[in-house]
Amino acid sequence: MSAATGKKAVLELDGKKIELPIYSGTLGPDVIDVKDVLASGHFTFDPGFMATASCESKITFIDGDKGVLLHRGYPIAQLATQASYLETCYLLLSGELPTAEQKSDFENKVRNHTMVHDQVSRFFNGFRRDAHPMAVMCGVVGALSAFYHNGFDVENVDHREITAVRLVAKIPTLAAWTYKYTIGQPFVYPRNDLSYAENFLYMMFATPADRDYKVNPILAKAMDRIFTLHADHEQNASTSTVRLAGSTGANPYACIAAGIAALWGPAHGGANEAVLKMLDDIGTVENVAPFMEKVKTKEVKLMGFGHRVYKNFDPRAKVMKETCDEVLSALGINDPQLALAMELERIALSDPYFIERKLYPNVDFYSGIILKAIGIPTEMFTVIFALARTVGWISHWLEMHSGPYKIGRPRQLYTGETQRDIKR
Ligand code: SDX
């Protein structure tokens, strides 16, 4: 529980003083509990939640000025380079890194839930083959709520925990099948002899005709690290969506589908796809300068740049860039888009327009270049983000349901018509 500091903020309104309690966490800013403002007949007003802490959490800490990202206290750079994605999943879900025995047990649990009910595969057929993969994911993940609803008791901790395992286990299968469906290839089923990232790439790229398809271990390692870099990120828009949906007691699979929908937007998880499209539009380094002028006149945004919280650098972008260099050199790929991205970054980081606005590369700026090197098509980039973030979403859902919570129900500043009568 947060520490009540005994300190108070005093709000003076209409000659009256309202004392508002101040609480401290273990890291980060103190918070002012504003619920007593209501008694004064006022609401607080904070569109976009720029200065609002929506909940108390122990999962992830971000210091935007120092470029710090901790998952249960562990720095993201250590997790991305020293732990597997499934170990990070275990950490986010349970609060601690697993022992060797716990890791093996968790891996087996996930391995035993990678299949989906065979009737789920029929939901894909309702989509056109050229449907955006994120539209398909919203549909098929939401459909899982129909298979795990009867008898589900959100108050039952065992029901909640098996839900987390099922979602971590099944999301790669549904993501790979989404890709297969859009390219008209048959679904490839998960295998129990492959690691999590290997299994995903196997389901993505193996075909029935190529029974001996082998996943390149360099790509599997890069994929696993990309999953870890996207696993969780505090109360971002999609996680807040999952928490708000979950606060009504809604089916968890439906809540995750809501998170997928929120992530899809180009201002959020859809940015990785938008970065590659932006690099395609710019084409060559010679076009960078005129493009930057269009950014400054606000005709376009520099996708993959800027962040609501990070005002110095996104620690994930640093690891992503290192991984980018490793993968491309290991594969002997000389991708001109990497050179273009680096030139964009160089110019942006030395331009007062971006410096004044504290705009730096975020997690999405380099991820697309690696995903392309792995062979993943641009339209699937946000699906990869959703796959990896599912564990973060369900960790926050579990945390909310592990203690007392209230249904989320914000108010508003009403500026519409006053009451009036219909005149016929
Ligand atoms: C993710 O919240 C999270 O944690 C998200 C995420 C996660 O892991 O969950 O980190 C994942 O969503 C990363 C962000 C991916 N989005 C993009 O890369 C899209 C491009 N970025 C922007 O849309 C923007 O930077 C946001 C949405 C990320 C943040 O927007 P804010 O905090 O609301 O900032 P703002 O829009 O108020 O911008 C402040 C100023 C404005 O200029 P002025 O009006 O002051 O002149 O900066 C400008 C903006 O126009 N600006 C940009 C810009 N981002 C902000 N200008 C050009 N290009 C950009 N990318």
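The values are calculated or read from the model by the stated rules, or taken from the named source; none is laboratory data. Everything numeric in this text was worked out from a predicted model, so none of it was measured. With ideal geometry, Cβ positions are generated from the backbone for all residues, glycine too; neighbour counts draw on all protein chains shown. When the accessible area is computed, the model is the full protein with side chains, heavy atoms only, and any ligands, DNA or RNA have been set aside. Shrake-Rupley method; radii C 1.70, N 1.55, O 1.52, S 1.80 Å.
Obtain the nm distance between the two label points defined at residue 54 and residue 2 by a simple spin-label model: each point lies 7 Å from its Cα along the Cα-to-C-beta direction.
Those two pseudo-labels are separated by 1.5 nm.
As an exercise, identify the GluC sites (Glu not before Pro) in segment 1-81 lying in DSSP coil whose Cβ has no more than 15 other Cβ atoms within 10 Å.
56
Calculate the FRET efficiency for residue 355 and residue 213 from the Cβ-Cβ distance with a Förster distance of 51 Å, rounded to the nearest 0.05. Mind dumping the intermediate values first?
Details: r = 47 Å, r/R0 = 0.93.
Efficiency, rounded to the nearest 0.05: 0.60.
Loop only by DSSP, 11 or fewer other Cβ within 10 Å of the Cβ. Give me the GluC sites (Glu not before Pro) in segment 368-424 that pass, ordered by residue number.
417
Using a 1.4 angstrom probe, figure out how much accessible area the chain has per residue, in square angstrom, rounded to the nearest whole.
With all protein chains present, the chain gives 50 Å² per residue.
Could I have the simple spin-label model distance between residue 294 and residue 118, label points 7 Å from Cα toward Cβ, reported in nm to one decimal?
Taking the two extended label points, one gets 5.1 nm.
So, with +1 on the Cβ of K and R and -1 on the Cβ of D and E, and no other charges, what is the size of the charge dipole of segment 133-253 about its Cα centre, to the nearest 20 debye?
320 debye
Once each part is reduced to its C-alpha centroid, what is the distance from segment 1-64 to segment 374-424 in angstrom?
One Cα centre to the other: 21 Å.
So what does residue 233 come to for accessible area, using a 1.4 Å probe and Å² rounded to 10?
Accessible area of residue 233: about 10 Å².
For segment 126-262, what is the Kirkwood estimate of the hydrodynamic radius, computed as the reciprocal of the mean inverse distance between distinct Cα atoms, to one decimal in Å?
So the Kirkwood estimate lands at 16.4 Å.
Check segment 299-408 and count each lysine pair with an alpha-carbon distance under 22 angstrom, considering only pairs eight or more places apart or from different chains.
Count of close lysine pairs: 11.
With +1 on each Lys and Arg Cβ and -1 on each Asp and Glu Cβ, and nothing else charged, work out how big the dipole of the chain is about its Cα centre, in Debye to the nearest 20. Intermediate values should be presented prior to the final figure.
On the way: 45 positive and 48 negative charges, 188 e Å.
In total the dipole reaches around 900 debye.
Could you give the length gained by full extension between residue 63 and residue 39, i.e. 0.36 nm per residue of separation minus their alpha carbon distance, to one decimal place?
Computed gain between residue 63 and residue 39 is 5.3 nm.
Using all Cα-Cα distances in segment 3-53, what percent lands in each 10 angstrom bin from 0 up to the longest?
Each 10 Å bin holds this share of Cα pairs: 23, 50, 25, 2.
Arrange the residues 242, 154 by how much accessible surface each exposes, largest first, with a 1.4 angstrom probe.
Correct descending sequence by accessible area is 154, 242.
Let me check I've understood the local charge: for residue 12, count other residues with C-beta under 15 angstrom from its C-beta, Lys and Arg +1, Asp and Glu -1. What total comes out?
0
Just going by the charge dipole of segment 1-123, with Lys and Arg at +1 and Asp and Glu at -1 on Cβ, which of 3, 71, 85 is farthest out on the positive end?
So the residue furthest toward the plus end is 85.
How many nm is it between the label spots at residue 128 and residue 153, if each spot is 7 Å from the Cα in line with the beta carbon?
My value for the distance between the label points is 4.6 nm.
Over all alpha-carbon pairs in segment 276-346, figure out the percentage whose distance exceeds 16 Å.
Numbers: 1373 of 2485 pairs.
Summing the P(r) tail past 16 Å for segment 276-346 gives 55 percent.
Note the direction-averaged projected area, equal to a quarter of the hull surface, for the Cα convex hull of segment 7-85, in nm².
For the Cα atoms of segment 7-85, the hull's average projected area reads 7.0 nm².
Calculate, in nm to one decimal, what residue 419 and residue 46 gain on full extension: separation in residues at 0.36 nm each, minus their alpha carbon distance.
Numbers: separation 373, 0.36 × 373 = 134.28 nm, distance 2.59 nm.
Residue separation times 0.36 nm, minus the Cα-Cα distance, leaves 131.7 nm.
Count charges around residue 142 for me, please; just the other residues with Cβ under 15 Å from its Cβ, Lys/Arg as +1, Asp/Glu as -1.
Once all neighbours under 15 Å are counted, the net charge is +3.
Would you mind calculating the gained length between residue 280 and residue 12 on full extension (0.36 nm times residue separation, minus the Cα-Cα distance), in nm to one decimal?
This chain segment gains 91.0 nm when fully extended.
Given N residues in segment 220-276, what is Rg(Cα) / (2.2 N^0.38 Å)?
Numbers: Rg = 12.8 Å, N = 57, 2.2 N^0.38 = 10.2 Å.
Taking N as the residue count of segment 220-276, the ratio is 1.26.
Can you check what the net charge comes to around residue 104, using other residues whose Cβ is under 13 Å from the Cβ of residue 104 (Lys, Arg +1; Asp, Glu -1)?
-1
Give, to the nearest whole percent, the P(r) tail of segment 333-389 beyond 17 angstrom, counting all Cα pairs.
The proportion of pairs with Cα distances above 17 Å equals 47 percent.
Where does the longest stretch of the chain lie that holds no chymotrypsin sites (Phe, Trp or Tyr not before Pro) found in a DSSP loop with 11 or fewer other Cβ atoms within 10 Å?
So the longest stretch without any such site is 46-413.
In whole Å, what are the Cα extents of segment 251-406 along the three principal axes, biggest one first?
Taking max minus min along each principal axis of the Cα atoms, segment 251-406 gives 55, 38, 24 Å.
If you keep only loop residues by DSSP, which trypsin sites (Lys or Arg not before Pro) in segment 60-154 have at most 12 other Cβ atoms within 10 Å of their Cβ?
Numbers: sites: 66, 72, 103, 109, 111, 122, 128, 129; in loops: 66, 72, 128, 129.
In loop regions of segment 60-154 (DSSP not H, G, I, E or B), the sparsely surrounded trypsin sites (Lys or Arg not before Pro) are 66, 128, 129.
With only alpha-carbon pairs counted, each pair once and no self-pairs, how large is the Kirkwood hydrodynamic radius of the chain in angstroms?
Hydrodynamic radius (Kirkwood, Cα pairs) of the chain is 23.2 Å.
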